[in-house]
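Before any comments, here is the structure.
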2 protein chains.
Amino acid sequence: MNYTRDNMAGLLRGHEINPTHQRIEIAHALFSRQEHLSADQVMAAVNTRHSETSKATVYNTLKLFLEKGLVREVIVDPSKVFYDPNTTPHHHLYEVDSGKLSDIDAGSVQISGLPPLPDGMVTEGIDLIVRVRRQP
Amino acid sequence: MNYTRDNMAGLLRGHEINPTHQRIEIAHALFSRQEHLSADQVMAAVNTRHSETSKATVYNTLKLFLEKGLVREVIVDPSKVFYDPNTTPHHHLYEVDSGKLSDIDAGSVQISGLPPLPDGMVTEGIDLIVRVRRQP
DNA sequence: TCGCGCGATTAGACAAAGTCCAGATTGGAC
DNA sequence: GTCCAATCTGGACTTTGTCTAATCGCGCGA
């Protein structure tokens, strides 16, 4: 897969997002890395040379991407939210001491026996997080 | 089960925690309710009549309880951490719009097919969170 | 009983993540 | 080129949580 800035415009349009410069840069930061980035890290990635994109825009854009289903939110650390460019069903492995976050393919994992949902509720998502720590 | 303040002292001692007034009050707030409370809510619960316990003590104490295995941390909402007096294995149901958090008994739920852990890592915990939303 | 030592508590300053707003900028349509 | 709506921006603000230095209070030995 080729995550050039040019391809980003199409990706954004495909999700009903008006592709502006800033949005393309932010999408590029996330998708070219294929990693889990926090808002801070996105901001740093986008503003490497000189300050180009404001904090407000980074937050607004990440929220927009989230609403439009372009990225996923991963909540594992109380201090910051991570954004995940991989929106296919999968789980997460979180290394508590290093803060490293990686994907667990959903293919082989089976979750069964979940109780029925309360009336009038629909599932928004199922998050499975395996927290690990380096052996002492 | 009877979660009186008197019993709290024993509970704390059983976990190698020196039972002070403030710690007893905080434990009582959590265990008598048997609910998921945020630090803010604990503080409010403990200081209903007149201010009795400082913010620093609430945070210190919750962290202490966590280390000593008296409570569990539940990270579902980026804006605040919840503390769970139920430390038996179980999962969580989170109602996104209301912020309501409830337990899912682990008994009937089966998770299988998790990949092996990276070398030298030990599992600290597995969090399964079902996010639901009121049907539109 | 007195005072000592030490763990626990406190107020308040501070830090970091995220939100909000009013004004400036941009870029497409005409 | 002009206009307009959408977008972006700096900076003030809020909230959650941390830190620190001073104080408190309780057990214990003399």
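In the range B:20-31, of all residues being surrounded by fewer than 17 Cβ atoms within 10 Å (Cβ to Cβ) and touching a helix residue (DSSP H, G or I) at 6+ places or on another chain (Cβ under 9 Å), the one that is nearest to residue B:101 (Cα to Cα) corresponds to B:22.
Hey, among the residues in the range B:84-96 that are touching a residue at least 24 places away in the same chain (Cβ under 8 Å) and away from DNA strand C (no atom under 16 Å from the Cβ), which one's farthest from the other protein chains (Cβ to nearest Cβ)? Checked the range B:84-96; the qualifying residue farthest from the other protein chains (Cβ to nearest Cβ) is B:85. Can you confirm whether the range A:55-73 contains a residue that is at pLDDT 95 or above, farther than 25 Å from residue A:126 by Cα and surrounded by 13 or more Cβ atoms within 10 Å (Cβ to Cβ)? Looking through the range A:55-73, at least one residue is at pLDDT 95 or above, farther than 25 Å from residue A:126 by Cα and surrounded by 13 or more Cβ atoms within 10 Å (Cβ to Cβ). The set of residues in the range A:104-118 being at the interface with another protein chain (Cβ under 9 Å from one of its Cβ atoms) and not in a strand (DSSP E or B) consists of A:107, A:108, A:109, A:113, A:114, A:115, A:117, A:118. Here the condition is being within 18 Å of residue B:17 (Cα to Cα), within 14 Å of another protein chain (Cβ to nearest Cβ) and of a type in the set (A, V, I, L, M, F, W, C); of B:101, B:62, B:70, it holds for B:62 alone. All of A:59, A:94, A:83 fail the test of being part of a helix (DSSP H, G or I) and not aliphatic (A, V, I, L, M), apart from A:59. Evaluating residue B:16 against the criteria (1) within 15 Å of DNA strand C (Cβ to nearest atom); (2) among the charged types (D, E, K, R); (3) more than 14 Å from every other protein chain (Cβ to nearest Cβ); (4) under 27 Å from residue A:74 (Cα atoms) leaves one unmet condition, (4).
Being near DNA strand D (Cβ under 10 Å from one of its atoms) and on the phi < 0 side of the Ramachandran plot is the requirement here; does residue B:41 meet it? So residue B:41 passes the test. Among the residues making up the range B:1-16, those that are surrounded by fewer than 13 Cβ atoms within 10 Å (Cβ to Cβ), part of a helix (DSSP H, G or I) and not charged (D, E, K, R) are B:10, B:14. Screening the candidates A:81, A:122, A:46, A:76 for the property of being more than 13 Å from the chain's Cα centre (by Cα), within 12 Å of another protein chain (Cβ to nearest Cβ) and of a type in the set (Val, Ile, Thr) yields one hit, A:122.
The values are calculated or read from the model by the stated rules, or taken from the named source; none is laboratory data. Nothing here was measured: the structure is a model prediction, and the numbers come from that model. In this analysis, Cβ positions are derived from the backbone assuming ideal geometry, glycine residues included, and neighbour counts consider all displayed protein chains.
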